Amino acid sequence: MKADIDKSRLPRHVAIIMDGNGRWATSRGLDRSEGHVEGVNTVRRITEAASEIGIGYLTLYTFSTENWNRPKAEVDALMHLIVIAIERETPDLIKNNVRLTMIGDRDRLPSEARERLEKCMADTAHCTGLTLILALSYSSRWEIREACRRYAMDVMEGKASVADMDNDEAFDRYLTTAGIPDPDLLIRTGGDHRVSNFLLWQIAYSEIYVTDTFWPDFSKEDFYRSIANYQQRERRFGLTSAQLK
């Protein structure tokens, strides 16, 4: 599949809803945590695949604000796994020129986890290749509410006016993804056909690719297949085919 990809027509930004870790583990008679552990290995290989073919931005839906409502033992295990995995992978990220950043409500993260994650981001800040974005303690409705609140505060403090909000770009500046292009391609593993409160503003014109494959089984070939599928589509952005031609 990699050979079939047209390098001149790559999506600039790919976002992934990494679903199916728990179901993968349950189907094998394992604890759900084992699925999350295996999912980390998939993160590594898909990050490598995206970097190898020249994707500019890769956003992974790592932990949603709704995930805080899961059983405490699972949440604690996930937080520990995320931090340990990122620290372990940071040397390879630097080696492969991958810059790590995150979007989400950092204030809800345990202080130790937040500090360790911020160190990893600082360590890769100089990298100029793929930007790997972890959506961590993230939900789109939270993000949009926060953007509106920040804009309202700027208006109250005289830093902005109502007239300033006259286009999408003006609102983009208040989002956690400010400075990051909108996703061209949204991939969801695990077979569910929903966007789960993920980048609702940013995926307005994203192409969507859904696969039944659980995230732990999602291979480089699966990733390349999604890119090849994307390249077969006509992106019209509200126009007609005739207008594009």
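Annotations for the structure displayed:
- The listed residue being under 22 Å from Leu199 (Cβ atoms), aliphatic (A, V, I, L, M), touching a residue at least 24 places away in the same chain (Cβ under 8 Å) and in contact with an Asp or Glu (Cβ under 8 Å, 6 or more places away or on another chain), out of Ile86, Ile82, Ile94, Ile103: Ile103
- Each residue in region 36-53 was checked for being surrounded by fewer than 22 Cβ atoms within 10 Å (Cβ to Cβ) and out of contact with any strand residue (DSSP E or B) (no Cβ under 9 Å at 6 or more places or on another chain), and 10 pass.
- Failed item, numbered, when Glu74 is tested on (1) open to solvent by less than 20 Å² (accessible area, probe 1.4 Å); (2) in contact with a His (Cβ under 9 Å, 6 or more places away or on another chain); (3) farther than 24 Å from Phe223 by Cα: (1)
- Positions within region 54-71 being closer than 22 Å to Asp6 by Cβ and open to solvent by 10 Å² or more (accessible area, probe 1.4 Å), in sequence order: Gly54, Gly56, Tyr57
- Candidate set: region 114-132, residues that are farther than 18 Å from Tyr61 by Cα and either among the small types (Gly, Ala, Ser) or in contact with a Phe, Trp or Tyr (Cβ under 6 Å, 6 or more places away or on another chain) (or both); chosen: the one surrounded by the most Cβ atoms within 10 Å (Cβ to Cβ): Gly129
The values are calculated or read from the model by the stated rules, or taken from the named source; none is laboratory data. Note that the coordinates shown come from a computational prediction; the quantities given were computed from them, not determined experimentally. When we count neighbours, we look across all protein chains shown, and the Cβ atoms used for this are built from the backbone with ideal geometry, even at glycine. Each accessible area value is taken on the protein alone, full model and side chains, heavy atoms only, with ligands, DNA and RNA left out. Shrake-Rupley method; radii C 1.70, N 1.55, O 1.52, S 1.80 Å.
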